[in-house]
């Protein structure tokens, strides 16, 4: 079942006619900023979907539109087959915004209790769930009675996640869940997302930490300047083909280096070690022959596959060269 | 220490210079303001601005009025009113009553302060008129106007006009219509007094409170007495004008004056008492006890017969004695053309001793017989005491009464007789009451 | 409905932490206390008129201040601090959220108004029971003579204090003596006008910054109390033209617009029953017992108006994009 679907979703911001920029008055004629341009997306049930892109690509905008924080200029979207704003659907969704701000005068348990009431959960169920969640997100026990004012960034992120999971949602939407966290925190988020996935939930999140996304996503969509530049299953987008090899040799003679230089794309000398990037099997064979002939010692040989980051950079820089013209405002 | 860097010091110095300059300028301005004293007149209290103030008060006009009221009280409080300040105070009252037209005490107090104390009755009455317009259903303000017109301005017609307005008020008390009616009568104040005390007396009877009814009755009788005395005083003045230099020898001489002969309205106390008694009995209550009225003129059988006849014919008996106050009062008024009857047991007599003011004694020659006898007794007593003192001092009896007193002894005898002094026995007697027994006291020398 | 109450309770919790609330409450106590001193300066025969005037007015005005100063931040802060993001994602409608905010603010205002009223009534009862005649009567009945420095005198006052406080609380629930007859009705009507003002505060808070909201709400309050004067202004326009029929062109338009304005703005003077409480059946009695006539239609007007304004607020809020 398609859980999230957008159809030509667009969001265009109209600037004020008169604005002050760089200390000077500026008159804007038809100055529109396109945050999203006719976005088409589909997320199936049970997937973990990553919405990726550089800053300002429109990831947060998409999520905010889905959650009803912003209204689209044109186009439509559906959650769980129902149009946006459906309350019943919302009771099956959990949402964690980017850099969340919460009522800082509430204590930890009060905070979750409040949201629980908004879900319509009865008191007993709320109390039980709050305890479970505190364990799940690994918040210390004393945090329960501590006002949110006293929470650290990591703790806030955790309790934010807790409120997103409060109602045992089918779809969990996370906006930059790893922003501002240390590597340990990021790992914990990754673990939680994976565990959610294993429970059969759909996870839809945006991120610009591509390495992590690579690890946990089934499907990704890459946005740039409001346009969808790539979308699909990760393994389809990133061919399994080996792109190049990275070899480290030592005690190699200059002659041997010269020979290898012909077939290597990158040679870096570091003390006694030489780092080579070989982009064909032929080049590898040459290397192995050289080493087997006794010229140098092979320390490591690593095949490198296409990484998401490289794919991403490729797509993004490609695209930005094509976009040179202004786009007119589309009617609402 | 970093704060005291050169830059900061410079800024500090410049700052104080600026402050110094601005403060000195302001001082000069303020001094100019305090020299002008008439600021009250100018700001905020001329005609239209009270309206503006009321709008600015945003629905809290009652509080604004209260604050202005307090200010007004304070502004004339201890100092009293002087000619200079009355105008601003008048404006304050004016503005105050514009903002809160229902503040009754502002009108009445303002009238008292501006009119009575300040002497500007016209402006006081302006306030009264304003109050009458804004409080059309209350009696107090026009009543004050009536009071001022009558007693201070001596304008009966104006007083009557205010009185009529007051009477129409919804909360006009019962006594008001009567009081307004009195304005037509010359001896109005006595009507008021008698009416008032009659009310107290009846109330005491109705509520069976002995203290109140006894007091009320005594004051009622006293008021009737004073009323009678005022009539006779008028007759006396007429007599003295007609016979200059002469005094009446007896009270009956006054009966020939026009004041008495042409007829005057007066209360007959015995009739009144008889009436009250009869009504009480008809209301199945106890009548007036003998103990209660023993000091006053007792109603006669004729009075009771009259009371009976009157209560059967003209009344519709209401259930309460106090409701009948009006009727009782009116029925007790009679027109007499001879001397008034004393409400006390003894009749009115002439006591020449008090015909002229003598060394502290008031000029009150008309009194009850009982009082006259008392006067005689006390005079004799004091004479005999003086003689005793003389004897102790001089060791002999005085030859005549002139020796006892510092001045020539010219006090007339209360009954018009003579003082008889026997210088052998040292006893003074009255020619008219030669065998008067003096009350128990010190023995007066040898009994003669 | 439960969700609306959850938001309301949360709003109340947030409002209670606002320090300004306590300053305003303290200020109103000071005013009521001060009015007792002021009343001694006055020579009014009217018993306690000054205290009643100042007390009732300050309850009304401080209630207004609380509604404004706490209310202007409510919606705006939610949007600015982005705490609204998580709310909107929950199964709660935007209108439900706004209504929750409104009810929470209303509860805050009402709780404070009731506290101020209790103090006010207690002061009145205390003054009534410790007036010189009352003291005289009390001690005479007991057959004691007392001087102002004796223990019995102070004990009498202490007892009176506690009894007055108790009676003050009871007055909220309908108890009344002559001195506080119908005063609770005045406070009740005042509370309805506060409901209208609070609705406006919420409305403005949905789209304006706090300062602007405060200014708008204050202006609304001023216009509301001057509603009757607006009509009079229209009448003067007509009078200047010698009659409504003679109005032409611009003047006619002005007249119609002014009348339209008078019809639309909230007539807050309708809820000002302070004059009735102080002057009562002034027309008929010597020392009137206050009579505050309560009109069901007026109450309905207030409530319906507040609901209307809240609907407008919901409309505005529904259309808002939260940046």
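Computed over the alpha-carbon pairs of region B:368-430, the distance histogram in 5 Å steps reads 4, 18, 29, 25, 14, 7, 3, 1 percent, short to long. To the nearest ten degrees, helix A:183-198 and the longest principal axis of the Cα atoms of chain A are 70 degrees apart. Label zone (residue B:364, point 7 Å along Cα-to-C-beta; backbone nitrogen cut-off 15 Å) within region B:222-257: B:222-233. Looking at the protein assembly as shown alone, DSSP beta bridges between its own residues are antiparallel in about 75 percent of cases. For the protein assembly as shown, the mean residue ellipticity at 222 nm estimated from helices alone is -17500 deg cm²/dmol, where every DSSP H run of n ≥ 4 contributes -39500 (n - 2.57) and the total is divided by all residues, rounded to the nearest 500.
Compute the helix-to-body angle for C:2-16: its Cα long axis versus the longest principal axis of chain C, expressed 0 to 90° and rounded to tens. It is inclined by approximately 60 degrees. In the elastic network of chain A, a GNM with C-alpha springs shorter than 10 Å, the most mobile of A:317, A:62, A:33 is A:317.
Legend: P(r) of region C:12-75 from all alpha carbon pair distances, 5 Å bins from 0, whole percents, reading 4, 17, 24, 18, 13, 10, 7, 5, 3, 1.
Note on region A:242-305: along the principal axes its Cα atoms extend 28, 22, 18 Å, ordered by decreasing extent.
Applying D = kT/(6 pi eta Rh) to region C:222-323, where Rh is the Kirkwood radius over alpha-carbon pairs, T corresponds to 20 °C and eta to 1.002 mPa s, the Stokes-Einstein value obtained is 126 µm²/s. Length available on full extension from residue C:321 to residue C:13: 0.36 nm per residue minus the Cα-Cα distance, which gives 108.2 nm. Of the residues C:312, C:257, C:183, the one that moves most in a GNM of chain C with alpha-carbon contacts below 10 Å is C:257.
Take every pair of alpha-carbon atoms less than 8 Å apart whose residues are at least six positions apart; their mean separation over the length of chain A yields a relative contact order of 19 percent. Taking only the C-alpha atoms of region B:187-345, the Rg (one decimal) and the largest Cα-Cα distance, Dmax (whole number), read 16.9, 57 Å.
At the listed q of 0.08, 0.10, 0.15 Å⁻¹, the Debye profile of chain C, built from one uniform point per Cα, gives log10 I(q)/I(0) equal to -0.48, -0.71, -1.21. Taking only the alpha carbons of chain B, we obtain Rg and Dmax values of 34.5, 120 Å in that order. Label positions at residue B:298 and residue A:288, each projected 7 Å from the Cα along the C-beta direction, are separated by 15.9 nm. Taking all Cα pairs closer than 8 Å and separated by 6 or more residues, the relative contact order of chain C comes to 23 percent. For region A:62-133, the direction-averaged projected area of the alpha-carbon convex hull comes to 5.9 nm².
Applying 1/(1 + (r/R0)^6) with R0 = 56 Å to the Cβ-Cβ distance of residue B:284 and residue B:431 gives a FRET efficiency near 0.50. Normalised by the number of residues in region B:187-345, the average gap of Cα pairs under 8 Å and 6 or more apart makes the relative contact order 30 percent. From zero outward in steps of 20 Å, how is the percent of C-alpha pairs of the protein assembly as shown spread across the bins? The percentages, shortest bin first, are 8, 21, 24, 18, 12, 9, 5, 2, 1, 0. Given in Å, the Rg to one decimal and the Dmax to the nearest whole number for the Cα atoms of chain A are 25.1, 78. Largest mean-square fluctuation among A:160, A:50, A:108, in a Gaussian network model of chain A whose springs join Cα atoms under 10 Å apart, belongs to A:108. Ellipsoid semi-axes for region C:1-111, based on the Cα gyration tensor and the rule √(5λ), read 39, 13, 9 Å when sorted largest first. Rounded to the nearest 0.05, what FRET efficiency is calculated for residue C:219 and residue B:14 with R0 set to 35 Å and r the Cβ-Cβ distance? Given R0 = 35 Å and the Cβ-Cβ separation, E is 0.30.
Please determine, in degrees from 0 to 90 and to the nearest 10, the orientation of helix C:94-129 with respect to the longest principal axis defined by the Cα atoms of chain C, where the helix direction is its Cα long axis. That works out to roughly 20 degrees.
Every read-out reported here was derived from the displayed coordinates using simple, explicitly stated rules and does not represent laboratory data. What you are looking at is a predicted structure, and each value in this text was computed from that prediction instead of being measured. All Cβ positions, even for glycine, are placed from backbone atoms using ideal geometry, and neighbour counts span all protein chains on display.
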